[in-house]
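The values are calculated or read from the model by the stated rules, or taken from the named source; none is laboratory data. Everything numeric here is computed off the predicted structure, so don't read it as measured data. Please note: Cβ atoms are built from the backbone with ideal geometry, for glycine as well, and neighbour counts cover all protein chains shown. Ligands, DNA and RNA are stripped out before the accessible areas are found, and what is left, the full protein with its side chains, is counted by its heavy atoms. Shrake-Rupley method; radii C 1.70, N 1.55, O 1.52, S 1.80 Å.
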Amino acid sequence: MSYDKGNIFAKILRGEIPCKKIHEDQYALAFEDTAPAAPVHILVIPKGEYTSFDDFATNATSEFLHGFFASVRAIAAKLGLNENGYRLITNHGADASQSVPHFHVHILGGRKLGALLP
Ligand code: AMP
């Protein structure tokens, strides 16, 4: 799948539409999900054109892969989620119901999250 520069997270990265930003560094931008599924629900997106985890893991440099996931960890720590725990989700493709074609990691926490799938 080729990258669609018109997707909503691309627009957020370019500053064309607003987001509730909670963190930004050279690798990643993190902001609140507009439809939170838990008391804490943050999306972390890479600063690059990757359609999904599969694209990112295949095509990003080792330095970018490490930097991005280090940012995800730092954001979870900054949110105070380390002690009680949190869940990371990333959806790739149709069976996972990926709805935005820019790679993103959901950070979910703030309550007991229960079973992996409903
Ligand atoms: P996924 O289904 O994994 O592709 O997740 C996409 C997520 O993006 C959903 O949880 C949406 O609620 C969220 N979302 C869509 N548009 C926005 C937006 N403009 N700002 C923040 N979150 C959004």
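Sorted by accessible area (1.4 Å probe), largest first, how do Thr58, Thr51 line up?
Ranked list, largest accessible area first: Thr58, Thr51.
Can you compute the modelled spin-label distance between Ala115 and Glu32, with each label point 7 Å from Cα toward Cβ, in nm?
About 3.0 nm, to one decimal.
Can you give the local net charge around His92? Use residues other than it whose beta-carbon is closer than 9 angstrom to its beta-carbon, Lys and Arg +1, Asp and Glu -1.
So the surrounding residues net to -3.
Mind scanning Lys47/Lys78; Lys21/Lys112; Lys11/Lys112 and naming the pairs with a C-alpha gap bigger than 29 Å?
Listed pairs above 29 Å: Lys11/Lys112.
At most 13 other C-beta atoms within 10 Å and a DSSP loop state: those are the exposed GluC sites (Glu not before Pro) I care about. Give me the longest piece of the chain that has none.
The longest such stretch corresponds to 17-82.
What residue among Arg73, Arg14, Arg87 has the largest mean-square fluctuation in a Gaussian network model of the chain, using Cα springs under 10 Å?
For the chain, modelled as a Gaussian network with Cα springs under 10 Å, the answer is Arg14.
Report the FRET efficiency, 1/(1 + (r/R0)^6), for Lys5 and Asp25, where r is their Cβ-Cβ distance and R0 is 35 Å, rounded to 0.05.
0.95
May I ask you to give the percent of accessible area on the chain that is carbon plus sulfur, with a probe radius of 1.4 Å?
C and S atoms contribute 54 percent here.
Can you list the equivalent-ellipsoid semi-axes of the chain, largest first and in whole Å, using the square root of 5 times each Cα gyration tensor eigenvalue?
Semi-axes, largest first: 22, 16, 15 Å.
Per DSSP H run of n ≥ 4, the term is -39500 (n - 2.57); total these for the chain, divide by its residue number, and report the mean residue ellipticity at 222 nm rounded to 500 deg cm²/dmol.
Theoretical 222 nm ellipticity from helices: -7500 deg cm²/dmol.
Would you kindly state how much longer the chain becomes between Ser62 and Leu88 on full extension, computed as 0.36 nm times their sequence separation minus their alpha carbon distance, in nm to one decimal?
Difference between extended and current length: 7.3 nm.
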